[in-house]
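Right, one structure below, let's go through it.
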Amino acid sequence: MTPAIKIPPAVQSKLAKLGIHAPFDLVLHLPLRYEDETQITRVENLLPGETAQVEGEIIHSEVMYRPRRSLVCQLQDASGIVFLRFLNFYPSQQKQLAIGKTIRALGEAREGYFGMEMVHPKCHTGGENKALKQALTPVYPTTAGLPQLTLRKHILAALNTVELPDTLPAALLNKLRLPAFDASVQLLHNPPPQIDEEALLERAHPAWRRIKFDELLAQQLSMRVHYRKRHERIAPQLLARDTHAPALRKALPFSLTRAQEKVLQEIRHDLAQAHPMQRLLQGDVGSGKTVVAALAALQAIENGYQVAFMAPTEILAEQHYLKLRDWMEPLGISPVWLSGSLKKKDKTLAAERIAQGETQIAIGTHALFQKDVEFSKLGLVIVDEQHKFGVQQRLALRNKGTSAVGRDGDSPLSNSLPQAGERANVKGAIDFFPHQLMMSATPIPRTLAMSYYADLDVSVIDELPPGRTPIVTKLINDARREEVFERVRAACLKNRQAYWVCPLIDESEALELQTAIDTHETLTQIFPELSVGLVHGKMDNAEKARVMAAFKAGEIHLLVATTVIEVGVDVPNASLMVIEHAERMGLAQLHQLRGRVGRGAAESLCVLLFQKPLSELARARLKIIFENTDGFEIAQQDLRLRGPGELLGARQSGVAMLRFADINEDATLLETARNLADELLRDTPEVAHAHLQRWMANKPDFLHA
Ligand code: ADP
Ligand code: MG
């Protein structure tokens, strides 16, 4: 806090709870709503449902005991009588509202038993010499122990002391038809009585638009600054030499889709640049991202550089390892497998081969980026299902290599730390940073991509390979599970394979595990003629791998699984999936799970078992997943349902969330901010800097994974 504003420590700690740490935070603590104490309404003009202020004399005051204990007063003005009713009251209030007192009461009028009444109105002593307020009274979000009056006083003080020069030039504001910042803030805290209150509450007023625009612009600027900083680094130029890639293409039993070709071109172009690629490859489940990644990897290998290919789970990493080994061994390339579950001896061996540069491509879990793994010539890092990596893992990644390169300081314009796995350990004077390809099957709606992912380049695979039969989704009440058993039996006897997904149990991993084990036992008894397998997260990795291999080979008909199979698992012959307690799962998860089937030519069925009663949210989710198969559409609806926080997943805790703007409702402002950010950084960096200083000065460093 600046010395100009004295705030007692007790109040400061309350303010901190509201996220207020500096005078500018007070300025930006905007009202939730307003009370109109600028005028007095005659009692005869009160309308039910409308909030108004009346003034008059208390002519009756009594504590009633029926239907509940309450204080009931009658306030009379020249035009009539209104009842004031208090269910909870203090003796002091009773005294304040004694017969004969002149009172101003502000509250919502409604038709009561005796006539017009106000329940729990806000009361002041009135009278001729009490001036009416000149502006609407702001009501702020607050916290226990911090009264509105105190909060209001400190905000007012901040508004009177903090200098708020505009960060944007007047000509630009004119062009954008936005009001000045200072005037906007003042207006929102103290709106004149004749203002369009509706527009304020809906945040549609020009003053609100200015605040939202500034916030969006700050977010865009900071993301684009990161983007530019990374582009200033040096990466190895991985030219498309095509010594290996054509052979892999020839060996594939399919040709790439138009969409795969398009994204591959974008990646190949990026890899050939002398600065590190930061590309997010998005594609719905089953769109064929793996083969694109493999071809990108070959381009690095063709240039004599190493590739690290990382997946979030052992099952998925191992599946990639097996697939890439099949694809690459005929080309004379032997991938190395590295995961946390390897024996120490094998791990050391793998790490040695990586360090000596014998390994061209290492595939594994985040164990790939542990301290003791040093790549000799890392050119490309591929991260599959990047949204699945937790904050901790991304931090570990990011901090790898920092000591060698050093921090660039804490100013928002230079707060980008070297990112882990980014800095290649190349001997010599120059620090090389590897290229990064991140993949995600959780589709990111356009507005989200434009805002929270503005620091990345994005490629989208927007079509599925041909020959897929659409998945049929059925919602079935758990009470009818017997029918589902018969469907599973019939399908498996026709040589189809099925998944049985056990419910998510939030409170307890142990319970979740037990449920899976119990379900496996029950289903084994129900289907004596079938081979029923079990896979869950707590299983030891070798065992997990064995079960998955058996399922892939068709030796297991029905695989009981926890949600560990959610990401990436690819067994094309599996065409039936049953998900228990689907009402507990999120949309992204349901979509991911369902994407495990529908990968072959056979028609696939996904049965969502649900148990009543359904919450409103669960009902909405089931309806969306039932009606849609397109992941982008589902994500878009999910965004509408829950807002961006949840969709961002792990990324959320690393990115400053928007407080004022709403990326759905303010999509146009967002687009304008996006374009302006690049323009400012290019043409008037000092303006960009001033704007960032104002908005980001106190923000924690962003995480960028
Ligand atoms: P995801 O994008 O979900 O990671 P995968 O890479 O696992 O998808 O691909 C899903 C399946 O589609 C795999 O069996 C893969 O071999 C196959 N596939 C990929 N590209 C094509 C294509 N162009 N034509 C036919 N099948 C393809
Ligand atoms: Mg995948």
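FYI, it's all coordinate maths here, none of it is from the lab. Treat the numbers as computed from the prediction; the structure is a model and nothing was measured. Using ideal geometry, Cβ is built from the backbone for each residue, glycine included, and neighbour counts are taken over all protein chains shown.
At 0.36 nm per residue, and after removing the present C-alpha to C-alpha distance, how many nm does the segment from residue 683 to residue 356 gain when stretched out fully?
Computed gain between residue 683 and residue 356 is 113.1 nm.
Measure nothing but the geometry: give the 0 to 90° angle between the long axis through the Cα atoms of 616-627 and the longest principal axis through the Cα atoms of the chain, rounded to 10°.
On a 0 to 90 degree scale, this one is about 40.
Given Cβ point charges of +1 (Lys, Arg) and -1 (Asp, Glu) and nothing else, what value in debye, to the nearest 20, does the dipole of the range 471-628 about its Cα centre take?
With Lys and Arg at +1 and Asp and Glu at -1, about 560 debye.
List the relative contact order of the range 39-132 as a percent without decimals, with contacts defined as Cα pairs under 8 Å and 6+ residues apart.
30
If amide hydrogens are placed 1.01 Å from N in the peptide plane, which non-local residues have theirs closer than 5 Å to the one on residue 474?
606, 607, 608
Assign one of three labels to the range 273-337, namely rounded, prolate or oblate, based on the Cα gyration tensor with a ≥ b ≥ c the square roots of its eigenvalues; rounded applies when a/c is under 1.5, prolate when it is not and a/b is larger than b/c, and oblate otherwise.
oblate
What FRET efficiency comes out for the pair residue 88/residue 10, r = Cβ-Cβ distance, R0 = 35 Å, nearest 0.05?
After rounding to 0.05, the efficiency reads 0.85.
Could you check what % of the DSSP bridge pairs in the chain are antiparallel, to the nearest 5?
Counting DSSP beta bridges with both partners in the chain, the antiparallel share is about 35 percent.
The range 443-486 to the range 190-246: how many Å between their Cα centroids?
So the separation of the two Cα centres works out to 27 Å.
Between residue 531 and residue 623, how many nm apart are label points set 7 Å from Cα along the C-beta direction?
In this crude label model, residue 531 to residue 623 measures out at 4.4 nm.
By how many degrees, between 0 and 90 and to the nearest 10, does the Cα long axis of helix 289-302 differ from the longest principal axis of the chain?
60
When you count, for each residue, the other Cβ atoms within 10 Å and take the mean per peptide, how do 587-597, 11-21 rank with the highest first?
Highest to lowest by the protection proxy: 587-597, 11-21.
Holding the Cα-Cα limit at 27 Å, pick out from 289/494; 130/153; 262/323 the pairs that are longer than that.
Checking Cα-Cα distances, 289/494 exceed 27 Å.
Grab the Cα-Cα distance for residue 241 and residue 490, subtract it from 0.36 nm times how many residues apart they are, and report the gain in nm with one decimal.
84.5 nm
Peptides 126-139, 338-351, 369-382: what's the order by average Cβ count within 10 Å, highest mean first?
Highest mean packing first, the order is 369-382, 338-351, 126-139.
Run the numbers for residue 274 and residue 131: contour at 0.36 nm per residue of separation, minus the present Cα-Cα distance, in nm.
44.5 nm
Percent relative contact order of the chain, based on C-alpha pairs within less than 8 angstrom and at least six residues apart?
12 percent.
For the range 471-536, what's the relative contact order in percent, using C-alpha pairs closer than 8 Å and at least 6 residues apart?
For the range 471-536, the relative contact order is 24 percent.
Determine the shape class of the range 471-628: with a ≥ b ≥ c the square roots of the Cα gyration tensor eigenvalues, call it rounded for a/c under 1.5, and otherwise prolate if a/b is greater than b/c, oblate otherwise.
rounded
On a 0 to 90° scale, report how tilted helix 541-552 is relative to the longest principal axis of the chain, with both axes built from alpha carbons and the result rounded to the nearest 10.
So the helix axis and the longest Cα principal axis differ by about 80 degrees.
Quick one, what does Rg over Rh come out to for the chain if you take C-alpha atoms and the Kirkwood Rh?
That ratio equals 1.06.
Would you work out if the range 39-132 is rounded, prolate or oblate? Take a ≥ b ≥ c from the square roots of the eigenvalues of the alpha-carbon gyration tensor; rounded if a/c is under 1.5, else prolate when a/b is larger than b/c, oblate otherwise.
oblate
Sorted by packing (mean other beta-carbon atoms within 10 Å per residue), highest first, where do 627-635, 614-622, 359-367, 87-95 land?
For the peptides 627-635, 614-622, 359-367, 87-95, the packing ranking is 359-367, 627-635, 614-622, 87-95.
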